[in-house]
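To keep things clear, I will list the structure first and then write my remarks on it.
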Amino acid sequence: AQSVTQLDSQVPVFEEAPVELRCNYSSSVSVYLFWYVQYPNQGLQLLLKYLSGSTLVKGINGFEAEFNKSQTSFHLRKPSVHISDTAEYFCAVSYNQGGKLIFGQGTELSVKP
Amino acid sequence: ETGVTQSPTHLIKTRGQQVTLRCSSQSGHNTVSWYQQALGQGPQFIFQYYREEENGRGNFPPRFSGLQFPNYSSELNVNALELDDSALYLCASSPLGSGGAGELFFGEGSRLTVL
């Protein structure tokens, strides 16, 4: 069965420190990969996506992610976080464009001053 | 450009009741998907509608049903509510079939509490 695993449920970090949120997926076929952010009491907002091409993907708010096919990973990184980055982050995979997304359980990023 | 809008934002029901949630898709989007997000969990796919027909369904019982209208807006209906149906219900639209880049655009959700 297809699945997405976010390896950390909570990641506390100090402001201006770097952060990496880890995501692994299980699939034997080509996939499309996404990271979404959810602020409290809001819906999901797309941070970035990998459809094809360069394995390093840059998104909004200074986030980037690297697609690693051999390790079936799509880790999200930011070199310097802000208090405003505090939110829940979801990794998701899709097997066709515009099709259903399979989400991970989420990682709660907590940025402390 | 108007984004995805959902109504109501919050509602409380009791076990056994029925509920209808509504979603207006983003302008130009012909596909609507519904997701259930239980507290502390990632969203789970319920179903997708494309041109008024169901176009994929997740592992949800038949008491979860939907509709899509000619203007691409959509409804999610849940019959015989159970306590475990308490969740945030998210609607997402996308321009399937128009060469879109695979992104889903989400509304802010309808939070359902079943007592």
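General remarks:
- Scattering curve values for chain B, log₁₀ I(q)/I(0), Debye with Cα scatterers, q = 0.09, 0.17, 0.23 Å⁻¹: -0.21, -0.75, -1.34
- Scanning residues 5 or more positions from A:Q2 or on other chains, none has an amide H under 5 Å from its amide H, with H placed 1.01 Å from N in the peptide plane.
- Relative contact order [Cα under 8 Å, 6+ residues apart], segment B:33-115, whole percent: 27
- Computed over chain A: relative contact order in percent, which uses C-alpha pairs under 8 Å that are six or more apart: 37
- Normalised contact order of segment A:29-83, rounded percent, pairs of Cα under 8 Å and 6 or more residues apart: 23
- Amide H partners (placed H, <5 Å) of A:L48, local residues excluded: A:W35
- Furthest towards positive pole of dipole, A:Y89, A:P12, A:S27, structure part chain A, Cβ charges: A:S27
- When both segment B:34-49 and segment A:1-42 are represented by their alpha-carbon centers, they are found 16 Å apart.
- Couplings for segment B:74-87, taken from phi via the Karplus curve 6.51 cos²θ - 1.76 cosθ + 1.60 with θ = phi - 60°, read 8, 10, 10, 10, 10, 9, 6, 4, 10, 4, 5, 7, 4, 4 Hz in order; Gly and Pro are left as x.
- Cross-link reach is defined here as a Cα-Cα straight distance under 16 Å, omitting same-chain residues fewer than 8 places apart; for A:K78 the lysines meeting it are A:K49, A:K58, A:K112.
- Each of B:Y89, B:Y50 has some number of other Cβ atoms within 10 Å of its Cβ, and from fewest to most they run B:Y50, B:Y89.
Every number in this text was worked out from the coordinates using simple rules, so none of it is lab data. In this text, all values refer to a predicted model and were calculated from it rather than measured experimentally. Ideal geometry is used to build each Cβ from the backbone, glycine not excepted, and the neighbour counts take in all protein chains shown.
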